[in-house]
Every structure is written in C-alpha cells, then in structure tokens.
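Working notes, beginning with the structure itself.
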Amino acid sequence: MRWMTRAMMIGGAGWLAGCAGMGVGVGEGASLGPVEVLVAQIEAEQGPLSDQARAFEASVDLDGDGTSERLVYVRDPSLCGTGGCALTIMEWRDGRWQRGQVIGPVELPVYLSDEWDGEVVIGVTVAGGGMQERIMALYPAPEGYPSNPTVPPAVWWRDDPGEVLIAEGSGRAVR
Ligand SMILES: [Ca+2]
C-alpha cells in the first residue's frame, strides 16, 4: 500500500476519488472502510444516495471478543422514513468489513450502556409515527439484538442511558 499512499499525496484528492471508485468495481473490499462497504451495498440494492446523504459511525466491541464492530448509521431521504433510519452493525470477518445485523427505525442519538452480562446494551432513540420520543434499550440475545426498537423485546430505557455513542452532529457527508 505504500505506493498508493505516496501517489495519493502526490495526486491529491481527485486521484483518490478515482481510486476509491475503482476499488469497489474490482472487489478490493479489504481496503474499504465499513461506511464505504455499506454505502456501496445500499447503492447496489436501492440505487444512488442523494447529495445530502450523511454517515455516522462508532467503534465498539459489542460481544467482548476483543474485535471491535462498527455501528454505521446512514441518513438519506431515499432510505429513511418518519421513524428514522437503519443502524447497521458492520463486522470485520475474513479480512474485510461485512454487513451484520440491521436495526431500525432509529433516530439519533445512539447510546451505549455499561456492559451487561459481558455484552453491550445499545440504546436507541425512537420517535415519529405518533410515538413519544424515548430511548429504547436493546439487550443482546443469542440471535443478536432486537431488530425493531419500537416493539418488544426492546424495552423503554427509563434510567440514565449512559454514554452517547453516536451524536446527532457527528456525521459526515458520504460524498
Ligand atoms: Ca467483537
């Protein structure tokens, strides 16, 4: 990768943008970050995101195995409904980022609890659709986290939700 770094320094942002596009086309997934992998998959399935698309991400070891997962939240008018957008758990497997569980609909912020029984409780904000805004706690189960935070087994998190994992203002433009 050293030549690439050097070329990027010489060639500047235009060259880098071209390279990233080529990387998707030839399957060089190992060089792509979790947001780029997810956005490429979403666009392949649902068409291009808008210019307003923003991505939010946070790194956390959800299962305590020593390898961090990434929580990725992509906000775009083409993806999101009145209740919010999807929160995707990206997992590092076989030398590349792969899409894991999808949780939604979710609004920001996303919270992280102290460890619960060795695993991490995710808190998500739910609102919209006539619902009062509240924070729902998602407890991990053997099959994963509850995929819909608006219904059980997600539970209303009435206590202090703890640390903010993904804040409203932390996103970046996807392109
Ligand atoms: Ca892990």
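Count charges around V110 for me, please; just the other residues with Cβ under 11 Å from its Cβ, Lys/Arg as +1, Asp/Glu as -1.
Values: positive: none; negative: E57, E107, E163, E168.
The answer is -4.
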(message) Using the Cα centre of region 51-173 as the reference point, and only Cβ charges (+1 on K/R, -1 on D/E), how large is the resulting charge dipole? Debye, rounded to the nearest 20.
(response) 560
(message) For a quick check: with amide H placed at 1.01 Å from N, whose amide H comes under 5 Å from D61's, ignoring anything fewer than 5 positions away on the same chain?
(response) E69
(message) Could you give each residue of region 168-175 its phi-based ³J(HN,Hα) in whole Hz, using Karplus coefficients 6.51, -1.76, 1.60 with θ = phi - 60°, and x for Gly or Pro?
(response) 4, x, 8, x, 9, 5, 6, 9
(request) Please work out the Cα center distance from region 51-107 to region 126-140, rounded to the nearest Å. (result) 17
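Calculate the all-directions average of the projected area of region 51-173's alpha-carbon convex hull, and give it in nm².
On the way: hull surface 32.0 nm².
Directional mean of the projected Cα hull area for region 51-173 stands at 8.0 nm².
The numbers here are math on the coordinates, done by the rules we state, and not lab data. Computed from a predicted structure; not experimentally measured. Heads up, the Cβs are rebuilt from the backbone with ideal geometry, glycines too, and the neighbour counts pull from every protein chain shown.
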